[in-house]
Amino acid sequence: MPPVVPVLLLPEASARLRPFGPADAPALARHANDRLVWQNLGDRIPHPYALTDAKQYLATLAAAPAGSDLHWCLEVAGEAVGSISLRFKTDVRRRSAEIGYWVGRAHWGRGLATAAVQAITAYGLANFDLVRLYALVFAHNPASGRVLEKAGFVLEARLKQAITKDGHTLDGLLYALVR
């Protein structure tokens with residue numbers, strides 16, 4: 001596996017994907033501490049999301065061994081405004097990876113998530129022995145499904161009552177791209 005996460009340029013002139021660094025903590029905390037962002041993330045992301053949470057997350061990424069899951073910072077005009085990850089599966093699912101992403105609300109609707117998913121998908125398929133990439137979307141978040149569809153993913157299944165978030169149990173939509 002490649003030892004480092006490369007910088008990937010996105011179509012928007014001021015946007016790119018790059019490795020996270022310690023200086024990203026304040027912006028990360030500011031954008032992730034939005035309840036509307038949090039409502040579509042796994043519970044491993046706390047709410048409220050404080051500067052200490054961001055620093056802990058970045059320290060965990062910095063300490064991860066080579067060959068671990070990949071986590072990129074979505075940067076716009078020099079500021080961390082979101083994140084995208086590629087989580088590699090093991091055992092019989094070892095040729096699969098899960099994509100997860102979020103973008104700060106101030107940057108919604110600009111095509112950044114779609115460009116980031118397209119970039120990480122191309123990178124993952126070109127550099128790893130993957131045949132399947134997938135993402136699980138909260139059913140109440142159709143915009144995330146559209147992001148994946150624009151990046152070539154297809155809806156494979158509605159997982160009934162598969163997600164419990166903020167006291168509500170709801171359906172999850174499984175999107176995948178198969179090589």
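The values are calculated or read from the model by the stated rules, or taken from the named source; none is laboratory data. Keep in mind that this is a model prediction, so the values were computed, not measured. Cβ: placed from backbone, ideal geometry, glycine included. Neighbour counts: every protein chain shown. Surface areas here come from the heavy atoms of the whole protein model, side chains and all, with no ligands, DNA or RNA. Shrake-Rupley method; radii C 1.70, N 1.55, O 1.52, S 1.80 Å.
Here are the numbers for the structure shown:
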item: Residue in region 64-73 that is touching a Ser or Thr at 6+ places or on another chain (Cβ under 7 Å), surrounded by 12 or more Cβ atoms within 10 Å (Cβ to Cβ), closer than 23 Å to F153 by Cβ and of a type in the set (A, V, I, L, M) present; result: yes
item: Any hit, region 144-163, residues being part of a loop (DSSP other than H, G, I, E, B) and touching a residue at least 60 places away in the same chain (Cβ under 8 Å); result: no
item: Among (1) under 24 Å from H47 (Cβ atoms); (2) open to solvent by less than 50 Å² (accessible area, probe 1.4 Å) - the single one L159 does not satisfy; result: (2)
item: Test result for G104, open to solvent by less than 10 Å² (accessible area, probe 1.4 Å) and under 24 Å from P19 (Cβ atoms); result: yes
item: Region 164-179, subset at pLDDT 95 or above and closer than 16 Å to E98 by Cβ, residue most open to solvent (accessible area, probe 1.4 Å); result: V178
item: Residue in region 112-133 that is in a strand (DSSP E or B) and either touching a helix residue (DSSP H, G or I) at 6+ places or on another chain (Cβ under 7 Å) or touching a residue at least 24 places away in the same chain (Cβ under 8 Å) (or both) present; result: yes
item: Residue identified as under 25 Å from D34 (Cα atoms) and touching a residue at least 40 places away in the same chain (Cβ under 8 Å) among G104, G172; result: G104
